[in-house]
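I have placed the structure first, in the form of structure tokens, so that the comments after it can refer back to it.
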2 protein chains.
Amino acid sequence: MPRILHDLACLDDRRLSPYCWRSKYALAHKGLEFEARPHGFLDIQQLYGGAHRTLPILDDDGRVVHDSWAIADFLDTHYPDRPPLFSGPAERALCRFTEAWLFGALAPLLLPMLALDIHDHAHPSDRAYFRESREKRLGRSLEAAAAGREEQLSELRAALSPLRLTFTAQGQQFLSGDRAGYADYIAAGIFLWAASVTTLPLLERDDPVVAWFERMRDLHDGLGRTAPMYAIAA
Amino acid sequence: MPRILHDLACLDDRRLSPYCWRSKYALAHKGLEFEARPHGFLDIQQLYGGAHRTLPILDDDGRVVHDSWAIADFLDTHYPDRPPLFSGPAERALCRFTEAWLFGALAPLLLPMLALDIHDHAHPSDRAYFRESREKRLGRSLEAAAAGREEQLSELRAALSPLRLTFTAQGQQFLSGDRAGYADYIAAGIFLWAASVTTLPLLERDDPVVAWFERMRDLHDGLGRTAPMYAIAA
């Protein structure tokens, strides 16, 4: 009974997709074994008759589920005897808000900083596609987007203050409390994405966000250490 | 059996404290009747032998609870047969993160913009205290902090994108999903605070955040309309 999580990969088997990372954590949270099968950007269209343009795709012994939220809901529905990803609708809704924070406040800063690094780590056959699609989205060349990014590090670090305050002023080990939950998996995916491709020190070494990220990498038998990464801190 | 929520008030019986607002919503969420008794800043020290320097304080028939988080936990513990504020530890932890976002990303923008307005709406006897304590915190005069604040509106509105995305891209009615929860009460408190004192149009009229705020004011028999306020939108 094979269980396959189709996963985005680039050179050196680096696994960069934040959406795939959260689904891998979700599977591990449920205690479900799986193979994280690597694909380049352009390989996605060869899966399941080209039905989907993005990863992750979960193939659970023939049941095919696309999209990280659909996968999370599928796992809670089909494995109700396993630890739940969502304790109820309020936790799920607040995970959505956490995602909105990451993609509303952080991703706009990070994507321009990382796009050239992602390109340079992509399989050579994926690079033309990646450059064209991302330059269209960014409205400028990957090189122009990356220019002066060292000067933007302080803005990025300041934008992380809600995450940092959760660990300091609020005294929590994880966004979800004493134990990591799906909100943590969503947030960690962003940093796993970044650490997969960039040598830029996104965080300062003594930032409480770094300590949380290391806790996240340790979880589930070191799931966050199963692919090559650069150091996230200076 | 009187139940009193000691509430911060200023001129015209405006109720400005975001912490008091969330506790009033928490009481209403539990279906518990209460009197929201008004006090000026300097009156707080006359309550309960000066044991506390801030509001809210809940006096539930002689059981005195200080601090909005302690009040929320007290209400769930002592009224377990009433609708829960927190479905479990994960929702509570994610409410803490929501608060960290508001106080890490929004309050630093809002406090300088609003401080002079709060001063001007405070009871005359409270103004010297308020000016001194807030100028110390802000590191400049209230007038200097408020200077040019119209130019900061675009930054403030951009900082609200996580909230906005939750209602648009994520399609939720409330931060907590289909029904308002404590995360919504925390967030609404910030806007109720602002609308109590400023004529500055913080939001644009067609902003989905405005529609959510109006839904929040309607809740619990119009609790958010029980004190005078200015319009939040242009």
- Among the residues of region B:114-141, the number that are crowded, with 21+ Cβ neighbours inside 10 Å and outside any helix (DSSP H, G or I) is 1
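The rows are residues; the columns are (1) hydroxyl-bearing (S, T, Y); (2) within 17 Å of the chain's Cα centre (by Cα); (3) surrounded by fewer than 21 Cβ atoms within 10 Å (Cβ to Cβ).
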position	(1), (2), (3)
B:S196	yes, yes, no
B:P208	no, no, yes
B:G224	no, yes, no
B:Y230	yes, yes, yes
- Message: Taking the condition of being out of contact with any Cys (no Cβ under 7 Å at 6 or more places or on another chain) and either over 20 Å from B:W21 (Cβ atoms) or facing chain A (nearest Cβ under 7 Å) (or both), how many residues in region B:168-198 meet it?
- Response: 10
- Query: How many residues are more than 12 Å from chain B (Cβ to nearest Cβ) and hydrophobic (A, V, I, L, M, F, W, C) when one looks only at region A:151-167?
  - Reply: 2
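Does B:F74 satisfy being at pLDDT below 95 and under 29 Å from B:G31 (Cβ atoms)? Lay out the reasoning, then the answer.
Numbers: at pLDDT below 95: no; under 29 Å from B:G31 (Cβ atoms): yes.
For B:F74, the condition - at pLDDT below 95 and under 29 Å from B:G31 (Cβ atoms) - is not met.
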- Query: Going through region B:25-69 one residue at a time, which ones are touching a residue at least 60 places away in the same chain (Cβ under 8 Å) and farther than 27 Å from B:R225 by Cβ?
  - Reply: B:L42, B:D61
- Query: Somewhere in region B:123-145, is a residue under 20 Å from the mean Cα position of the chain (by Cα) and within 7 Å of another protein chain (Cβ to nearest Cβ)?
  - Reply: no
- Query: Which residues, counting only those in region B:93-109, are in contact (Cβ under 8 Å) with a residue 24 or more places away in the chain and either of a type in the set (S, T, N, Q) or closer than 17 Å to B:A26 by Cβ (or both)?
  - Reply: B:L94, B:C95, B:T98, B:E99, B:L102
- Looking at A:A105, is it modelled with pLDDT under 95 and not aromatic (F, W, Y)? yes
- Task: Report, ordered by the first and then the second residue, all pairs with beta carbons closer than 8 Å, sequence separation of six or more or different chains, a first member in region B:202-218 that is among the basic types (K, R), and a second member that is in a helix (DSSP H, G or I).
- Result: B:R217/B:A188; B:R217/B:L192; B:R217/B:L223; B:R217/B:G224; B:R217/B:R225
- Query: Does any residue of region B:149-164 turn out to be assigned to a helix (DSSP H, G or I), at pLDDT 95 or above and touching an Asp or Glu at 6+ places or on another chain (Cβ under 6 Å)?
  - Reply: no
- Unmet criterion (only one of (1) within 14 Å of chain B (Cβ to nearest Cβ); (2) of a type in the set (K, R); (3) surrounded by 15 or more Cβ atoms within 10 Å (Cβ to Cβ)) for A:R215: (1)
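The values are calculated or read from the model by the stated rules, or taken from the named source; none is laboratory data. All values reported here derive from a predicted model rather than from experimental measurement. Cβ atoms come from the backbone with ideal geometry, glycine included; neighbour counts cover every protein chain shown.
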